[in-house]
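Take a look at the structure below.
Here, each number is a calculation from the coordinates, and none is a lab measurement. None of the values given here were measured: they were computed from a predicted structure. Neighbour counts run over all protein chains shown; Cβ positions are idealised from the backbone, glycine included.
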Amino acid sequence: MSKPSQQLSKSNNQAVTAARLVAFSWLVGVIIHGRSINELLAASPKKEDCASALSVTTSGIASLEPQQRAFAKQLLFGTVRHYHQLKGILDQLLQKAFKQKDQDLSVLLMMGLYQLSYLSTADHAALSQSVEMTRKINKNWASGLVNGVLRQYLRNKQSIEQQLSSANTFRYSHPNWIINQIQQDWPVQADQILQANNQQGPMCLRINTQQISRKDYQVQLSDLNLESKPHPVAQDALLLTKACDVVQLPGFNQGLVTVQDAAPQLVVELLQLQPGLRVLDGCAAPGGKTTHILQRQADVSLVSVELSKPRLQKIRHTLDRMGFDCDLKCADILQQDDWWDGKAFDRILIDVPCTATGVIRRNPDIKIHRTKQDLKNTVALQQKILHSVWSLLKPGGILVYATCSLFKQENERQMHQFLQTNPAEPVVLAQHLATQLVSHSQLGYQILPGEFEMDGFYLCALKKPQ
Ligand SMILES: C[S@@+](CC[C@H](N)C(=O)[O-])C[C@H]1O[C@@H](n2cnc3c(N)ncnc32)[C@H](O)[C@@H]1O
């Protein structure tokens with residue numbers, strides 16, 4: 001755990017305090033109330049996430065300058081990414097655990113430890129701001145304790161880290177069950193995967209080639225000093241050298257571009273879309289693949305099904321922004337009587353619910369929230385969905401199964417098991433794409449996080465016998 005020596009620029013103390021309070025309220029949401037980072041960033045904070053003093057209000061977040069908002073996000077993502085490591089340190093430092101009602105203090109301390117361990121913030125600033133925060137959350141009584149714990153860390157940093165260094169949870173900052181599962185499934189690549197999960201992924205764009213070529217969009221980005229490069233495998237993708245806010249992207253509101261990792265962009269390549277086909281996107285929100293299908297082949301009859309109503313609205317929003325349309329249905333894909341008109345499909349995509357262990361680098365809260373039981377439940381649900389939609393596919397039709405998971409039970413093994421009772425022919429990627437990818441699976445394509453600048457992802461296409 002080494003800290004950069006460079007000083008963080010400090011505009012003014014008040015703004016920095018406001019940013020820390022916002023980050024703290026988000027962290028309380030994630031760590032104590034089990035909320036996801038995506039959900040928190042998309043919504044206004046809920047009362048219970050804002051800790052006792054409720055110092056952080058919606059207007060507080062909205063009034064942050066972009067630089068302070070970026071700092072708040074850095075604190076949020078960094079503390080969550082290193083949660084298991086920071087928790088290990090905190091447990092060493094505390095003589096006894098906090099009572100339930102004071103769990104927010106452990107959040108505050110982990111945020112302080114993150115700054116002391118990973119950020120270039122001066123130690124005295126991180127320390128005094130953490131103490132100041134106790135007052136902001138109406139827990140003045142804890143200021144001495146927070147001060148003492150953080151100072152003790154600074155004094156004994158080396159010996160504490162030395163003591164913890166043999167524990168895998170500390171070393172990899174992942175929960176044991178995920179470490180064990182990754183080591184079991186990927187004995188050779190486990191170290192590389194666990195490290196990649198703790199790195200920030202690049203911002204990847206999908207250019208709406210119905211409206212503009214990738215090359216021309218790259219010029220538009222460059223005119224705004226946004227540097228990018230074409231993705232080496234995904235042909236609609238551009239990788240930004242430095243992440244930016246979507247509102248800075250030229251033509252975002254006009255639907256010229258969308259943010260999507262390069263790996264899921266390979267799904268359309270396996271679907272072999274042609275004009276006039278009847279296509280089902282069975283687990284569709286937030287609509288990344290629905291819109292990619294329409295972008296590649298506007299002349300298809302596309303039915304997109306999504307269980308969650310709020311998430312369905314996200315698809316509608318993205319369709320409208322990009323100028324596309326399809327038959328959107330809010331339904332459980334398993335309840336065919338509720339949404340199916342009885343006509344079979346030529347193509348089916350099921351981007352099934354999964355443990356999302358391939359996208360931990362973008363959603364580090366997965367490491368805190370997912371459990372081993374979730375894996376079991378998810379595998380069972382995936383299996384049900386797969387069997388259920390297979391019956392809706394025409395003979396000769398293609399089904400693409402996809403997850404953003406790394407676990408073989410959800411991916412390769414799931415497909416092998418399916419093939420035991422449902423004979424089908426695997427469909428492969430076109431040669432020019434396949435040669436650029438190293439798949440770690442004999443059946444379908446398994447991409448590991450960080451490889452080819454992609455997220456961890458699995459995709460497998462099967463052709464139904466005539
Ligand atoms: C991995 S996400 C799909 C991502 C999407 N394909 C995209 O590219 O934007 C899985 C989606 O399946 C939905 N889902 C879960 N169970 C479902 C069910 N039984 N029927 C329909 N949708 C379901 C979830 O709400 C979630 O939005």
VAL300 long-range amide H proximity, modeled H, under 5 Å: GLY276
Principal axes of segment 217-281: Cα extent on each, largest first, Å: 41, 26, 18
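What shape does segment 402-466 have by the C-alpha gyration tensor, where a ≥ b ≥ c are the square roots of the eigenvalues, rounded means a/c under 1.5, and otherwise prolate means a/b greater than b/c and oblate the rest?
On the way: a/c = 2.88, a/b = 1.39, b/c = 2.07.
Because a/c hits 1.5 or more and a/b fails to exceed b/c, segment 402-466 counts as oblate.
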Shape call, segment 327-370: gyration tensor on alpha carbons, a/c limit 1.5: prolate
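Two decimals is fine: what's Rg over Rh for segment 151-263, C-alpha atoms, Kirkwood radius as Rh? Before the final figure, lay out the partial values.
Details: Rg = 20.4 Å, Rh = 17.2 Å.
With Rh from the inverse mean 1/r over Cα pairs, Rg/Rh is 1.18.
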SER117, SER391, SER130, SER405 arranged by Cβ crowding within 10 Å, fewest neighbours leading: SER391, SER117, SER130, SER405
Rounded if a/c under 1.5, otherwise prolate or oblate - the chain, Cα gyration tensor axes: prolate
Shape parameters for segment 13-173, alpha-carbon atoms, Rg then Dmax in Å: 14.8, 45
Full-extension gain in nm, ALA97 to LEU154, via 0.36 nm per residue minus C-alpha separation: 18.5 nm
